[in-house]
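Here is the structure we will look at, set down as structure tokens.
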């Protein structure tokens, strides 16, 4: 989830008595997210020009080797340039120390602001076009800033280390950068987001490790034709992977996320209005929550819909991020919403999503939780206002709620996703139409557990097609669980409603963590692992 509210059924029930405090985790300039005409970039495309960046005195490159990645980006004057980044530690000192300026747009940053203040907010900044007077992209392209490739030349992503040192909000930012490819490198310690692709038609993020950012490890927003694969996201105070406000094309996906690993984050995945996203063959583990998908009106393409989540491993998402022993601090929803620790997949609000053929286990609260309260509340109370909706037409088919025969490294051997007083494989508040569950199994081939116990099936045959499934009676217990996540003003300041109502599990421990690694003022920040030095003959 991007910013301020999830699990807000409490406002649905208590809005007359309570006024919640809200916290903003991600804000961006107003950006449309239309269906775009391009395509996913071809990683094997022939470069129109090649530039090299290196930290060592490599005689192979000589004086033609740039010492900083941003210098090479600025020098890329040909559309389709390949920038080869040779192993080393890149702190981009001249750009890390670039002056900042007060943001425009009432605290946000317009395209023109970034264009006029190079590296004011971003360590490595890739702008796709000139800036018009109104702050938008002008449509007049700058040669070389489209179809740009940044390629780490080491044997693995951690041979090219980009350490932001919390000096800039973003490590690598591609803005209106159609055709961008970034591959085989690592990004550490961004003040907000490690890798950020915004308002772009076509991008590939491949084999990138992004860690210990204050908010997001990977953030993509208002894009189309995106592909993220073979990534590792860890140590994020909000989410490891965030495809927000994505395009909503008919008959295809706007983004694909494949073969990644997202672990030790507050949220493994967060997708506010992450429409038409295909997430597959990815592991989400040891987060507070494995995946959150929701709908908010301040992002384009409201409400969220048509996510396909399949063949993923979702396990042991019980990271107590409010505890003193956590190594990251939850920067998301601080004093606003309590993270529901112990949930594998949380569909907080959204329609027409398919969750199938995943292995989900060891999540103490719920394996998969379908909710509607946010959609019922956010629409009419937000700006801009929208009609309320209850999450509908979501399908959960063929999921195995038990560990595989061979456990991944570090996984537990819990039999299923139960454990807390409210624990169950599937949770649902009973709201919405045409939600259904089919062929989901627990340990030993038993039926998956549910709260409520009876979940509507998907294969109810009638003449003319499947029978519409009407909403079940509202599940009051489940709705109270959603509401109990909200903070309210107590005698000693903001306090989780679960404390006031005495509802377990509250998962609230004294904080902040004693030793977080994703904050700039922490004594526990560690340098990234040193890269393996090599040259052209040994890195090929």
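The values are calculated or read from the model by the stated rules, or taken from the named source; none is laboratory data. Computed from a predicted model, the values in this text were never measured in an experiment. Cβ atoms come from the backbone with ideal geometry, glycine included; neighbour counts cover every protein chain shown.
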Quiz item: What are the pairs, 6+ residues apart or on separate chains, where a residue within region 430-459 that is touching a residue at least 24 places away in the same chain (Cβ under 8 Å) and at negative phi has its Cβ under 8 Å from a residue that is surrounded by fewer than 16 Cβ atoms within 10 Å (Cβ to Cβ) and in a helix (DSSP H, G or I)?
Solution: 451/477
Quiz item: Given 324, 330, which one is more than 12 Å from the chain's Cα centre (by Cα), assigned to a loop (DSSP other than H, G, I, E, B), modelled with pLDDT under 95 and more than 20 Å from residue 215 (Cβ to Cβ)?
Solution: 324
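Which one is surrounded by the fewest Cβ atoms within 10 Å (Cβ to Cβ) among residues in region 257-276 that are more than 12 Å from residue 303 (Cα to Cα) and free of Cβ contacts under 8 Å to residues at least 40 places away in the same chain?
Residues of region 257-276 that are more than 12 Å from residue 303 (Cα to Cα), as a first pass: 257-270.
Still in the running and free of Cβ contacts under 8 Å to residues at least 40 places away in the same chain: 257-261, 263, 269.
Numbers: 257: 28, 258: 17, 259: 14, 260: 25, 261: 19, 263: 20, 269: 32.
If we take residues in region 257-276 being more than 12 Å from residue 303 (Cα to Cα) and free of Cβ contacts under 8 Å to residues at least 40 places away in the same chain, then 259 is surrounded by the fewest Cβ atoms within 10 Å (Cβ to Cβ).
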Quiz item: Just one of the numbered conditions (1) surrounded by fewer than 24 Cβ atoms within 10 Å (Cβ to Cβ); (2) more than 23 Å from residue 530 (Cα to Cα) is not true of residue 191; which one?
Solution: (2)
Quiz item: List the pairs whose first member sits in region 368-383 and is closer than 30 Å to residue 398 by Cβ, whose second member is at pLDDT below 85 and assigned to a helix (DSSP H, G or I), and whose Cβ atoms are under 6 Å apart, counting only residues at least 6 apart or on separate chains?
Solution: 373/9; 373/12; 376/12
Quiz item: Any idea which of 408, 468 is at pLDDT below 90, over 30 Å from residue 298 (Cα atoms) and either assigned to a loop (DSSP other than H, G, I, E, B) or over 26 Å from the mean Cα position of the chain (by Cα) (or both)?
Solution: 468
Practice problem: Scan region 182-198 and give yes if some residue there is more than 22 Å from the chain's Cα centre (by Cα) and touching a residue at least 60 places away in the same chain (Cβ under 8 Å), otherwise no. | Solution: no
Self-check item: All positions within region 96-122 that are in a loop (DSSP other than H, G, I, E, B), within 23 Å of the chain's Cα centre (by Cα) and in contact (Cβ under 8 Å) with a residue 60 or more places away in the chain
Solution: 108, 109, 110
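Can you tell me which residues in region 307-321 are touching a strand residue (DSSP E or B) at 6+ places or on another chain (Cβ under 8 Å), in a loop (DSSP other than H, G, I, E, B) and crowded, with 21+ Cβ neighbours inside 10 Å? Before you say what the answer is, go through the steps one by one.
Taking region 307-321 as the starting set, the residues that turn out to be touching a strand residue (DSSP E or B) at 6+ places or on another chain (Cβ under 8 Å) are 307-317.
Checking which are in a loop (DSSP other than H, G, I, E, B) leaves us with 307, 311-312, 316-317.
Residues satisfying the conditions are 307, 312, 316, 317.
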Exercise. Residue by residue through region 277-302, note down the ones that are buried (at least 20 other Cβ atoms within 10 Å of the Cβ), assigned to a strand (DSSP E or B) and out of contact with any helix residue (DSSP H, G or I) (no Cβ under 7 Å at 6 or more places or on another chain).
Key: 277, 279, 283, 284, 285, 289, 290, 291, 292, 293
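From the set of residues in region 40-57 that are more than 30 Å from residue 278 (Cβ to Cβ) and either surrounded by fewer than 17 Cβ atoms within 10 Å (Cβ to Cβ) or in contact with a helix residue (DSSP H, G or I) (Cβ under 7 Å, 6 or more places away or on another chain) (or both), which is modelled with the lowest pLDDT? Write out each step before concluding.
Step one: of region 40-57, the residues more than 30 Å from residue 278 (Cβ to Cβ) are 48-57.
Now narrow it down to the ones that are either surrounded by fewer than 17 Cβ atoms within 10 Å (Cβ to Cβ) or in contact with a helix residue (DSSP H, G or I) (Cβ under 7 Å, 6 or more places away or on another chain) (or both): 48-53, 56-57.
On the way: 48: 96, 49: 95, 50: 96, 51: 95, 52: 94, 53: 95, 56: 66, 57: 53.
This residue is 57.
Here's the yes/no breakdown for (1) out of contact with any helix residue (DSSP H, G or I) (no Cβ under 9 Å at 6 or more places or on another chain); (2) surrounded by fewer than 16 Cβ atoms within 10 Å (Cβ to Cβ); (3) more than 10 Å from residue 144 (Cβ to Cβ):
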| residue | (1), (2), (3) |
| --- | --- |
| 75 | yes, yes, no |
| 82 | yes, no, yes |
| 90 | no, no, yes |
| 99 | yes, yes, yes |
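Filtering region 224-245 down to residues that are more than 14 Å from residue 277 (Cβ to Cβ) and part of a loop (DSSP other than H, G, I, E, B), which residue is farthest from the chain's Cα centre (by Cα)? Explain how you work it out, then say what you get.
Residues of region 224-245 more than 14 Å from residue 277 (Cβ to Cβ): 230-238, 240.
Pick out the ones that are also part of a loop (DSSP other than H, G, I, E, B) and you get 230-231, 235-238.
Details: 230: 15, 231: 12, 235: 12, 236: 9, 237: 11, 238: 8 Å.
Selected residue: 230.
Answer with yes or no whether residue 396 is buried (at least 24 other Cβ atoms within 10 Å of the Cβ) and either part of a helix (DSSP H, G or I) or in contact with a strand residue (DSSP E or B) (Cβ under 8 Å, 6 or more places away or on another chain) (or both).
Working: buried (at least 24 other Cβ atoms within 10 Å of the Cβ): yes; either part of a helix (DSSP H, G or I) or in contact with a strand residue (DSSP E or B) (Cβ under 8 Å, 6 or more places away or on another chain) (or both): yes.
For residue 396, the condition - buried (at least 24 other Cβ atoms within 10 Å of the Cβ) and either part of a helix (DSSP H, G or I) or in contact with a strand residue (DSSP E or B) (Cβ under 8 Å, 6 or more places away or on another chain) (or both) - is met.
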Quiz prompt | Test for residue 212: is it under 22 Å from residue 38 (Cβ atoms) and touching a strand residue (DSSP E or B) at 6+ places or on another chain (Cβ under 8 Å) | solution = no
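Of 218, 203, 253, which residue is in contact with a strand residue (DSSP E or B) (Cβ under 7 Å, 6 or more places away or on another chain) and not in a strand (DSSP E or B)? Step through it out loud before you land on a result.
Working: 218 fails: not in a strand (DSSP E or B); 203 fails: not in a strand (DSSP E or B).
Sole residue among the options that is in contact with a strand residue (DSSP E or B) (Cβ under 7 Å, 6 or more places away or on another chain) and not in a strand (DSSP E or B): 253.
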Quiz item: How many of the residues making up region 421-450 are modelled with pLDDT under 90 and either surrounded by 17 or more Cβ atoms within 10 Å (Cβ to Cβ) or outside any loop (DSSP other than H, G, I, E, B) (or both)?
Solution: 5
Quiz prompt | Filter result (outside any strand (DSSP E or B) and surrounded by 24 or more Cβ atoms within 10 Å (Cβ to Cβ)) within region 360-393 | solution = 362, 363, 365, 371, 372, 373, 374, 375, 378, 391
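For (1) outside any strand (DSSP E or B); (2) closer than 24 Å to residue 224 by Cα; (3) modelled with pLDDT under 95, each residue gets a yes or a no:
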position	(1), (2), (3)
38	yes, yes, no
77	yes, no, yes
124	no, yes, no
140	no, yes, yes
